[in-house]
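I have placed the structure first, in the form of structure tokens, so that the comments after it can refer back to it.
The values are calculated or read from the model by the stated rules, or taken from the named source; none is laboratory data. Note that the coordinates shown come from a computational prediction; the quantities given were computed from them, not determined experimentally. Glycine also receives a Cβ, built like all others from the backbone with ideal geometry; neighbour counts cover every protein chain displayed. Heads up: the accessible areas ignore ligands, DNA and RNA and are worked out on the full protein's heavy atoms, side chains in. Shrake-Rupley method; radii C 1.70, N 1.55, O 1.52, S 1.80 Å.
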Amino acid sequence: MASNKFQALGAGLSEDEEDNAHENIAHTAAMSVKVKPLEVPPDENPLQSTYCLWFTRKPSCKHFDQSLRQVGRFASCEQFWRLYSHLVRPGDLQSHSDFHLFKEGIKPMWEDEVNRYGGKWIVRLRKGLASRCWENLILAMLGEQFMVGDEVCGAVVSIRSHEDILSIWNRSASDSAATSRIRDTFRRVLNLPPGTHIEYKAHNDSIKDLSSFRNTDVFTR
Amino acid sequence: MSASPVATQTANNGIPTRRVRINSESEMPLEYGTTPGGTMFGTKIVYERTFLLQMRTSPLARTPPTNLPVIPGVTAPSEKENHKKNGKVNSGRVSPTKGKGVPSSIKEEEEQFSMDM
């Protein structure tokens with residue numbers, strides 16, 4: 001039960017941020033409060049799913065789910081841009097910050113019922129690429145470009161000291177047809193150069209080694 | 001026309017349609033293959049990247065979101081970071097027009113990391 005993404009991240013990266021608790025991320029909007037469905041007015045373009053955008057910044061001592069902060073929700077293209085245009089781009093966030101964009105009802109946590117048997121593809125980017133790549137990734141997700149039914153759960157951009165990391169989470173780590181299709185689309189929408197490593201990690205393995213981005217299975221093309 | 005069960009069912013259900021109002025020309029897709037309001041692919045509402053990017057300039061997408069929480073450095077300027085770098089970076093409340101502009105960092109990256117635009 002102690003397992004959570006943040007403790008794990010904290011383990012390897014502790015020296016960096018001294019001021020992480022200066023704002024009260026703690027009192028979270030989070031957790032399974034029943035919310036009213038978002039309405040999409042007839043003159044807006046509806047998305048296939050309603051999405052929630054979450055934010056985390058590495059906390060000193062808090063549990064991951066307590067540090068999750070809901071930034072906004074949207075169910076149409078217009079509502080998405082309304083929110084997105086009023087946010088700092090991920091590349092401009094402080095180090096050890098993450099945006100998590102997930103379908104409504106799925107918490108960006110390994111332990112969520114929907115994620116439990118899932119996993120994620122990750123790509124490590126050198127500094128300077130995160131904002132553009134994140135935009136391409138989420139536009140593909142919102143536009144249902146992955147063509148894998150309901151497999152895709154959400155996407156994460158993780159800003160770190162020396163690299164930034166993009167992840168796309170899916171429900172079934174064992175579904176190799178779906179995961180390889182997601183990988184191919186991931187690669188295509190990011191226009192990744194040949195030779196880029198793309199890594200997969202089942203959430204169950206993350207729960208075991210308490211690490212988001214270590215001990216992954218690496219694929220290269 | 002035979003009254004086979006299939007035919008009857010089809011006739012009764014019809015093809016689901018949805019009415020989409022176009023408020024400006026910018027909301028029209030570039031390709032004929034794309035439908036305003038999203039293309040139905042199987043049971044999914046599919047949008048091409050170009051269409052989603054066009055929606056960014058729609059008047060409906062410009063109003064500020066409601067209930068945006070104040071998170072310094074994310075949705076609002078961070079006091080600490082404000083003094084660093086060029087003030088633009090953390091001017092949290094980016095105006096929609098400003099949001100559209102391509103920051104200089106993007107231009108640098110393009111030569112080594114070309115994106116299809």
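What the table below lists for this structure:
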quantity	calculated
For A:ILE198, solvent-accessible area (1.4 Å; no DNA, RNA or ligand), Å²	0 Å²
Segment A:145-221: GluC sites (Glu not before Pro) in DSSP loop, at most 16 other beta carbons within 10 Å	A:GLU163
Members of A:LYS103/B:LYS44; A:LYS58/A:LYS107; A:LYS36/B:LYS44 lying beyond 20 Å, as alpha-carbon distances in this model show	A:LYS36/B:LYS44
Neighbour cut-off at most 15 other Cβ (10 Å), DSSP loop, chymotrypsin sites (Phe, Trp or Tyr not before Pro), segment A:112-221	A:TYR117
Filtered trypsin sites (Lys or Arg not before Pro), segment A:87-136: DSSP coil and at most 12 other beta carbons within 10 Å	A:ARG126
